[in-house]
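Written below as structure tokens is the structure these notes are about.
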Amino acid sequence: MTRLLACSIALGIVTLPAPVATQSPNVVTHETTTRARVDRIEKSIRVVTLVAEGNLVQSVYVDPAVKAFDDLKVGDNVTVRYVESAVVKVRRNAELKDVHDSTAEAQKTDANVVQQLTAVVTIESIDPQGLSVTYRTADGRKLMRPVPDPKLVEGLRSGDRVEVTLTRARAISIEPDRR
């Protein structure tokens, strides 16, 4: 779960209740295209594990509208287009919370959510270029993670409590590579 939380600051979505004294969330939604090799296929839950350049491993849920999923084989080289979002919201008096599954709640407003995890952490520091953030978890661990878009950490400062939620990346197209 800690690994998922670490990814959440870098890649996740935060869906938040709106306490009275909070700022607007920092939101980043982006579509990514990557070329990778299919490492594993879990047909029953529509998840494909990909290995991209530099041995970067990522599991991606494949939307049922993507018919190419049914033809995938381990070892195939593919180009995958997927959507990820991140929202980070300051909650100054929030109680620190370990990662918990918030999938059911998220599915009430978006039936496409496959998995969503939420946590509240304390910001320790942010690098001046906004490329990484150091934070402390509810169990006292201090972690440092890269931030893919500096917009996620705009306006944050040391000591802020932020709620972070990871929503699993969702593939919206898969094409076999013609290399």
(request) Kindly establish whether residue 68 is in a strand (DSSP E or B), small (Gly, Ala, Ser) and over 27 Å from residue 153 (Cα atoms). (result) no
(message) Could you check region 92-101 and list, in sequence order, the residues that are surrounded by 14 or more Cβ atoms within 10 Å (Cβ to Cβ) and more than 17 Å from the chain's Cα centre (by Cα)?
(response) 94, 96, 97
(request) Looking for whichever is exposed (fewer than 15 other Cβ atoms within 10 Å of the Cβ), on the phi < 0 side of the Ramachandran plot and of a type in the set (Gly, Ala, Ser) here; the options are 138, 119, 169, 104. Which one fits? (result) 104
(request) Out of the residues in region 92-111 that are part of a loop (DSSP other than H, G, I, E, B) and among the acidic types (Asp, Glu), state the one that is modelled with the lowest pLDDT. (result) 110
(message) Looking at residue 89 and the list (1) assigned to a strand (DSSP E or B); (2) within 17 Å of the chain's Cα centre (by Cα); (3) farther than 16 Å from residue 26 by Cβ, which single condition is not satisfied?
(response) (3)
(request) Being part of a strand (DSSP E or B), at pLDDT 90 or above and touching a helix residue (DSSP H, G or I) at 6+ places or on another chain (Cβ under 9 Å) is the filter here, so list the residues in region 35-61 that pass it. (result) 35, 36, 41, 48
(message) residue 89 - would you say it is among the basic types (Lys, Arg) and out of contact with any Phe, Trp or Tyr (no Cβ under 8 Å at 6 or more places or on another chain)?
(response) yes
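The values are calculated or read from the model by the stated rules, or taken from the named source; none is laboratory data. Values in this document were obtained by computation on a predicted structure and should not be read as measured data. Glycine gets a Cβ as well: all are built from the backbone with ideal geometry, and neighbour counts include every protein chain shown.
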